[in-house]
Amino acid sequence: MQTRWICLGAWLVTSVAAADDTASKVFEQRILPIFKSDQPSSCVQCHLAGVDLKNYIKPSSEATFQSLRDQGLVNLDQPEQSKILKLINMKDTDNAGANLLHAKSREVELTAFVEWIKTCCRDPKLRSAPKLAASELAKPARPDEVIRFARTDRLLESFEQNIWGQRHRCMGCHTEGSDQNRKLVKENGEQVSWMKKSAAEAMTYLIRKKDLIDIEDPEKSLLLLKPLKEVDHGGGKKFLKGDLGYKGFRTWLEDYAKVARDEYAKSSDLPKSDPRRLKEFTSELWFKLTNTAPAWGDKLLQVTIHRWDDRAKKWEDAPIAISDRQVAAKPRLWQHTLTLLAAADSARAKEWQRGSGQLPAGRYLVKVHVDHSDRTLTDWRATLRNEDFVGQAEFQANWRVGYGAMTSVDAEKLKE
Ligand code: HEC
Ligand code: HEC
């Protein structure tokens, strides 16, 4: 009898020691390599900065466990339900491609953490180890607001707002699978298809491909230098520095680069979004001004189009479409596709979101601004102002889609 108890006691002691050993061993073999790796964790699929799995790992098994436990990230009685495992297992519901890209690192992290946490939770000594001081907890340095701002879904909203509504300037050649694109891919290679079918795929591609974006100096990104023709570009000059396309691409690049450089430390550093800003939607509606004034030759000209509100008997306050481009001096001509504008969450925004970039037939007003002093070329953030206004004209339009069905207004009919 006596011996059995001792035996049992000894067995108990060794089994606790073994459990502890095992947790440390699993930690050393499975968790530390994740901590020491210079590869990003699966968290980067959604968190571009501010948080990483490594932030939660301390140098020892015991301290890491205490730290996770004290933050409520471990469920002692149902280890499989631990919150840290849920974070590792986060997946995107509508970007299966991105999930796939991170599937391997996620699997490695998940199996390592499941095994290690289960082992720890079986160990009474670890379960009841003393609480760590708040300063000893391992966690991301950035506050939740900053972590949220640095998420890919927030950046995708910025991409949709700033780039996607201007994509008609590039899509003919760069969208995967169009006739023109297929021809250019044959001549130049697959990299021509950087503009994918959805904004999410295009953004994921650009971020992962890296070489079209200069994070340290966004202004020097190939995504800007090519269409500016500051370096050779198979598509020629597609941007004027300061036009709506350049502004949109540059705004997103600056936004992304600042997030990727992890420059926001406090929530008060974050930029405020402007709730009145209209949403932009790409369209295949062309607008043309004929007989442009000789003085406007080669200048950046912007049209804003307003719809007649028959109920209120006045022009709508906010423009329904906008576009800008350089005036063609010799033929005295300006023509371009329109970007449609609508208040966020309005019925129009919802309709255009579904992909039908149409305008109703009817009565419209075009307002024309010309950047005579090339102000936008020296300051890309500058917008056209009252002093740049050169006139407006009313017109009727049926708004048929395509280059061959342009809506045309004679610039000599513009009135101040
Ligand atoms: C598939 C996308 C995705 C992945 C992958 C992902 N997260 Fe998140 N994360 C989110 C979303 C979305 C939220 C906001 C969730 C909410 O508000 O309920 C979030 C919130 C958080 C928060 C809380 C901050 C806040 O906004 O309240 C932390 C901390 C966090 N994640 C850490 C991680 C860690 C660590 C990893 C990797 C192990 C990870 N996440 C992987 C999408 C993801
Ligand atoms: C008329 C066709 C055409 C249009 C329109 C066009 N491009 Fe291009 N672009 C090309 C061709 C052809 C190449 C491949 C040769 C080269 O690298 O210059 C290219 C290459 C690029 C590359 C390099 C891709 C890589 O991975 O190497 C970028 C970036 C680029 N274009 C940006 C743009 C942007 C931004 C727009 C719209 C504002 C645009 N392009 C409009 C034809 C076009």
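The values are calculated or read from the model by the stated rules, or taken from the named source; none is laboratory data. Every value quoted in this text rests on a predicted model; they were computed, and no experiment measured them. Reconstructed Cβ throughout: ideal geometry from the backbone, glycine too, with neighbour counts over all protein chains shown. Just the protein is used for accessible areas: all its heavy atoms, side chains included, with ligands, DNA and RNA removed. Shrake-Rupley method; radii C 1.70, N 1.55, O 1.52, S 1.80 Å.
Which angle from 0 to 90°, rounded to the nearest 10, does the C-alpha axis of helix 61-70 make with the longest principal axis of the chain?
The helix 61-70 is inclined about 60 degrees to the chain.
In whole Hz, with x marking every Gly and Pro, tabulate ³J(HN,Hα) for the stretch 297-304 from phi via Karplus 6.51 cos²θ - 1.76 cosθ + 1.60, θ = phi - 60°.
x, 6, 8, 7, 10, 10, 10, 10
If you line up the Cα atoms of the stretch 216-329 on their principal axes, what length do they span on each, largest first, in Å?
Largest to smallest, the principal-axis extents are 50, 42, 26 Å.
Roughly speaking, to the nearest percent, how much of the chain's 1.4 Å accessible area is carbon and sulfur?
Working: 11660 of 22630 Å².
Ligands and nucleic acids excluded, carbon and sulfur give 52 percent.
Can you give the Rg/Rh ratio of the stretch 149-269, where Rg is from the C-alpha atoms and Rh is the Kirkwood radius?
Numbers: Rg = 14.4 Å, Rh = 14.8 Å.
Result for the stretch 149-269 is an Rg/Rh of 0.97.
With each pseudo-label sitting 7 Å past Cα toward Cβ, what's the Lys83-Glu157 distance in nm, one decimal?
2.3
Where is the GNM fluctuation largest for the chain (alpha-carbon springs, 10 angstrom cutoff): Pro40, Pro130, Pro140?
Pro130
Which order, highest average first, do 245-256, 141-152 follow once you tally other Cβ atoms within 10 Å for each residue and take the mean per peptide? If you can, show how the numbers build up before the last one.
Numbers: 245-256: 21.7, 141-152: 17.4.
Packing proxy ranking, top to bottom: 245-256, 141-152.
Pairs of alpha-carbon atoms within less than 8 angstrom and 6+ residues apart define the contacts here; what relative contact order does the chain have, in percent? Write out the running numbers ahead of the final one.
Values: 657 pairs, mean separation 54.1, N = 416.
Relative contact order for the chain comes out at 13 percent.
Each residue of the stretch 172-183 in order: what ³J(HN,Hα) in whole Hz does its phi give by Karplus 6.51 cos²θ - 1.76 cosθ + 1.60, θ = phi - 60°, with x for Gly and Pro?
Per-residue couplings from phi come out as x, 8, 9, 7, 3, x, 6, 4, 4, 4, 4, 5 Hz.
Cross-link partners among aspartates and glutamates for Lys237, C-alpha distance below 16 Å, same-chain residues fewer than 8 apart left out?
Here the aspartates and glutamates satisfying the reach criterion relative to Lys237 are Asp298, Asp324.
Of the residues Ala329, Ala134, Ala23, which exhibits the maximal mean-square fluctuation in a Gaussian network model of the chain defined by a 10 Å Cα contact cut-off?
Comparing Ala329, Ala134, Ala23 in a Gaussian network model of the chain, the most mobile one is Ala134.
Using a Cα-Cα cut-off of under 20 Å, which aspartates and glutamates could be cross-linked to Lys183, ignoring same-chain neighbours fewer than 8 residues away?
Counting by Cα, and skipping residues close in sequence, Lys183 has these aspartates and glutamates nearby: Asp232.
Which whole-angstrom value gives the distance between the alpha carbon centres of the stretch 145-181 and the stretch 285-307?
26
Normalise the Cα radius of gyration of the stretch 45-101 by 2.2 N^0.38 Å (N = residues in it) and let me know the number.
On the way: Rg = 13.4 Å, N = 57, 2.2 N^0.38 = 10.2 Å.
Computed over Cα atoms of the stretch 45-101, the ratio equals 1.31.
Length gain on complete extension for the stretch Lys197 to Thr111, per 0.36 nm per residue less the alpha carbon to alpha carbon distance? Walk me through the numbers on the way to the answer.
On the way: separation 86, 0.36 × 86 = 30.96 nm, distance 3.44 nm.
Gain on extension, Lys197 to Thr111, equals 27.5 nm.
Please sort by residue number the trypsin sites (Lys or Arg not before Pro) in the stretch 319-364 whose DSSP state is loop and whose Cβ has at most 13 other Cβ atoms within 10 Å. Display every interim value, and only then the final one.
Working: sites: Arg325, Arg332, Arg348, Lys350, Arg354, Arg363; in loops: Arg332, Arg354.
Qualifying residues, ordered by number: Arg354.
According to a simple spin-label model (label point 7 Å from Cα along Cα-to-Cβ), what is the distance in nm between Ala63 and Glu136?
Calculated label separation equals 0.9 nm.
On full extension of the chain, what length is gained from Ser356 through Ser178, given 0.36 nm per residue of separation minus the C-alpha to C-alpha distance?
Values: separation 178, 0.36 × 178 = 64.08 nm, distance 1.83 nm.
Here the segment from Ser356 to Ser178 would lengthen by 62.2 nm.
In square nanometres and to one decimal, what's the mean projected area of the convex hull around the Cα atoms of the chain?
On the way: hull surface 107.8 nm².
Dividing the Cα hull surface by four gives the mean projection, 27.0 nm².
Tell me the Kirkwood hydrodynamic radius of the stretch 14-132 in angstroms, computed as one over the mean inverse distance between distinct C-alpha pairs.
For the stretch 14-132, the Kirkwood estimate is 14.8 Å.
So what's the angle, to the nearest 10 degrees on a 0 to 90 scale, between helix 103-121 and the longest Cα principal axis of the chain?
Orientation of helix 103-121: about 30 degrees from the principal axis.
Quote the Stokes-Einstein diffusion coefficient, in whole µm² s⁻¹, for the stretch 304-369, based on the Kirkwood radius over alpha carbon pairs, a temperature of 10 °C and a viscosity of 1.306 mPa s.
118
Work out how much length Ala347 to Ala129 would gain on full extension: take 0.36 nm times their residue separation and subtract the Cα-Cα distance, in nm to one decimal. Don't skip to the end; give the middle numbers.
Numbers: separation 218, 0.36 × 218 = 78.48 nm, distance 5.76 nm.
Gain on stretching Ala347 to Ala129: 72.7 nm.
Given Cα positions, please report Rg to Rh for the stretch 222-273, the hydrodynamic radius being the Kirkwood one. Present the calculation step by step, with values, prior to reporting the outcome.
Details: Rg = 14.1 Å, Rh = 12.5 Å.
A ratio of 1.13.
How much accessible area per residue does the chain have, counting only protein heavy atoms and a probe of 1.4 Å, in square angstrom?
Each residue of the chain exposes 54 Å² on average to a 1.4 Å probe.
Would you mind counting up the charge near Tyr403? Only other residues with Cβ under 15 Å from its Cβ, with Lys and Arg at +1 and Asp and Glu at -1.
Working: positive: Arg169, Lys288, Arg325, Arg400; negative: Asp179, Glu284.
Taking every Cβ under 15 Å from that of Tyr403, the sum is +2.
Can you give the accessible area of Cys170, probe radius 1.4 Å, in Å² rounded to 10?
For Cys170, solvent-accessible area is about 20 Å².
Rounded to two decimals, what is Rg over Rh for the stretch 279-413 when you use alpha-carbon atoms and the Kirkwood radius? Please list the in-between numbers first.
Details: Rg = 14.8 Å, Rh = 15.5 Å.
With Rg and the Kirkwood Rh in hand, the quotient comes to 0.96.
Report, to the nearest 10°, how far helix 2-26 tilts away from the longest principal axis of the Cα atoms in the chain, using its own Cα long axis and a range of 0 to 90°.
Helix 2-26 and the main axis of the chain meet at about 20 degrees.
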